[in-house]
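Report on the following structure.
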Amino acid sequence: MPRTTPRYNLNDLMAFVTVAREGSFTRAAAQLGVTQSALSQAVAGLETRLKIRLLARTTRSVTVTPAGERLMQAIGQRFDEIELELDSLTALRDKPAGVVRITCGNHIIRTTMLPKLMPLLHEYPDIKLEFDVNFGFRDIVADRFDAGVRLGGTIDKDMIAVPIGPQLRMAAVAAPSYFAKNPIPKTPRDLMQHRCIDVRFPTHGVSPWEFERRGKRLNVRVTGPLLFNTTPDHIVTAALDGLGVAYLPEEEFAPHLEDRRLVRILEDWCPPFSGYHLYYPSRRQPSPAFLLVLNALRVSGNVDTDL
């Protein structure tokens, strides 16, 4: 009898690729819309048929083995190419359709993206938007996002970047009740003697506060009673309660500065800087749905910038 070559279920291969990329059965199951048990069985079945371990599992993490890394390199990009080709078929429909996945922070969603994109979703009901609210720097190619949003100066050089908002300014603020008990800082270095409300980022931890005046830059490491890794709302609330000095984009504090519930300090040390940009891979062919999203977000008069 002729020897038959075993055929591999593409769903099992896709399951492996998703787990490998996410580094988690939980996140991969949520992305694929299956149970963790079914996903685990699919990957285990693939390993059994291949007779080799593809994933190293512990109670805290999932990593690829050398064999798994080789398989990822061989098939991961091909799945991406298939998905892109399927998305491109929507160009043949009367109206664009498909999922557009974007990773970004909560502030830009609330202030810019939703206000600009809600009319688009009413006009094109077959377009679906998936937002990954993340304060770290995601690899949008490896994590299979269509685009990400970052400040202009932090985008990799091989990406196309499109401005989607105006220039920004940081603001250092505190409540009048705080300054009733503490002197107002005259320079950024004075903040080292103050109670400050800070942020821990998932990728680079607690960073110094950056200030600049007439070309002179100062980085100040602060301490204080509160440290957050979530949305700015908690930081604003803590500042309003007089717990210390906070440092965020000035838009976060705007209504409270107007009604004088917060006092701004060191304003001459907070110059404008490049605002938010939508960025996406220069080598990827955008889908019709993504192009509509891009055009809706684009700041009028700006063109794509290949960084």
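Nothing in this text is a laboratory measurement; each read-out follows from the coordinates by a stated rule. In this text the structure is predicted, and so the values were computed from the model without any measurement. A quick note on method: Cβ atoms are made from the backbone with ideal geometry, for glycine too, and the neighbour counts reach across all protein chains shown.
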| request: Using 0.36 nm per residue of separation minus the Cα-Cα distance, give me the extension gain between Thr35 and His122 in nm, one decimal. | output: 28.1 nm
| note | Here, Ala44 and Asp259, labelled 7 Å along Cα→Cβ, have an inter-label distance in nm of 5.7
| Gln167 versus Val99: modelled label distance in nm, points set 7 Å from Cα along the beta carbon direction | 4.0
| note | Under a Gaussian network model of the chain whose springs join Cα atoms within less than 10 Å, the largest fluctuation of Leu50, Leu292, Leu262 belongs to Leu50
| task | Under 1.5 on a/c is rounded, so check that first for segment 246-299, then, if it is not, pick prolate when a/b is larger than b/c and oblate when it is not; a ≥ b ≥ c are the square roots of the alpha carbon gyration tensor eigenvalues. | result | prolate
| message | Cut-off 15 Å, label point 7 angstrom out along Cα-to-Cβ of Phe201: give me the residues of segment 161-184 whose amide nitrogen falls inside. | response | 170
| request: Scan (i) 32; (ii) 36; (iii) 22 for the value of percent of Cα pairs over 35 Å apart calculated from this model and give just the label. | output: (ii)
| field | Cα-based shape type of segment 10-75, given that a ≥ b ≥ c are square roots of the gyration tensor eigenvalues and the cut on a/c is 1.5 | value | rounded
| remark: Listed by chain and number, the residues whose amide H is under 5 Å from that of Ala97, excluding neighbours fewer than 5 places away on the same chain and using placed H, are Ala289
| said: What distance in nm lies between label points placed 7 Å from Cα along the C-beta direction at Glu251 and Asp158? | reply: 3.0
| Can you tell which of Arg195, Arg217, Arg60 shows the greatest fluctuation in a Gaussian network model of the chain with Cα springs below 10 Å? | Arg60
| task | Once you have a ≥ b ≥ c as the square roots of the Cα gyration tensor eigenvalues for segment 170-269, tell me rounded if a/c is under 1.5, and otherwise prolate or oblate according to whether a/b is larger than b/c. | result | rounded
